[in-house]
1. For segment 42-115, what does the relative contact order come out to in percent, with C-alpha contacts under 8 Å and a separation of six or more?
2. So for the pair residue 130, residue 98, with labels modelled 7 Å out along Cα→Cβ, what separation do we get in nm?
3. Sort 180, 113, 57 so the one with the fewest other Cβ atoms within 10 Å of its own Cβ comes first.
4. Quote to one decimal, in nm, the extra length available between residue 236 and residue 122 on full extension: 0.36 nm per residue of separation minus the C-alpha distance between them.
5. Just check segment 42-115 against the gyration tensor rule for me: Cα atoms, a ≥ b ≥ c as the square roots of the eigenvalues, rounded for a/c under 1.5, and otherwise prolate or oblate depending on whether a/b exceeds b/c.
6. Ranking request for peptides 144-154, 220-230, 79-89: highest mean number of other beta-carbon atoms within 10 Å first, then the rest in descending order.
């Protein structure tokens with residue numbers, strides 16, 4: 001009897017175990033969570049590829065461009081993208097080191113008020129001279145060009161006649177001679193003023209030249225006594241190549257030369 005009871009209990013335990021195995025709950029469905037990554041907005045930033053000095057010309061090759069995350073750009077003080085000024089003649093207005101971020105305010109254009117001071121060499125003076133606007137046409141003379149300044153005079157005074165009057169004998173010594181050779185043009189400025197024929201507007205073009213004190217004095221006198229012409233310099237040459245008089249133009253013109261004795265002898 002006791003044996004039958006043990007067998008019954010064992011059978012019941014086995015049955016319960018089998019039932020538990022057969023009715024085991026299915027495994028929970030795995031839920032995949034996809035992480036959504038929001039890409040940070042990027043800003044274009046300009047960096048220097050080499051050191052630059054104050055007054056140095058700006059070249060496109062000076063820069064490299066990087067796309068920085070907005071947070072990194074903000075850390076550099078940059079909130080929005082900016083474009084660099086590559087106008088011809090523009091210069092840096094401060095000294096900067098390689099890999100520095102560059103801002104538009106670090107660059108000075110030729111029409112800015114401080115430009116002349118930035119490009120002016122040591123112990124030089126800026127000097128303004130008005131020129132014929134036609135000289136600038138076609139880029140003949142530009143920022144940084146070198147020019148020759150010539151004086152056209154008639155016997156020590158400004159020429160005030162037209163070409164038809166050249167045959168008159170009263171014009172004895174029309175001449176062209178160099179005043180300055182190979183001086184640098186710092187900048188070109190153009191404007192409009194009234195006073196032309198029929199009160200029409202006239203385009204005024206001026207060059208700002210870089211001169212020594214002595215050259216300033218010489219050119220100031222030349223402006224008073226002669227008409228001035230400005231031409232692009234073509235390099236080293238003899239000053240005599242820039243000199244001429246009426247005899248070089250008119251084959252039958254005989255210029256009058258005055259000879260004076262340097263001593264007086266009384267017998």
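1. 41 percent
2. 5.0 nm
3. 113, 57, 180
4. In short, 38.7 nm is gained.
5. prolate
6. Taking the mean over residues of other Cβ atoms within 10 Å, the ranking is 144-154, 220-230, 79-89.
We did not get these values from a lab; they are worked out from the coordinates using the rules stated. Just so we're clear, the structure is a prediction, and the values are computed from it rather than from any experiment. Cβ sites come from the backbone with ideal geometry, for glycine too, and all protein chains shown count toward neighbours.
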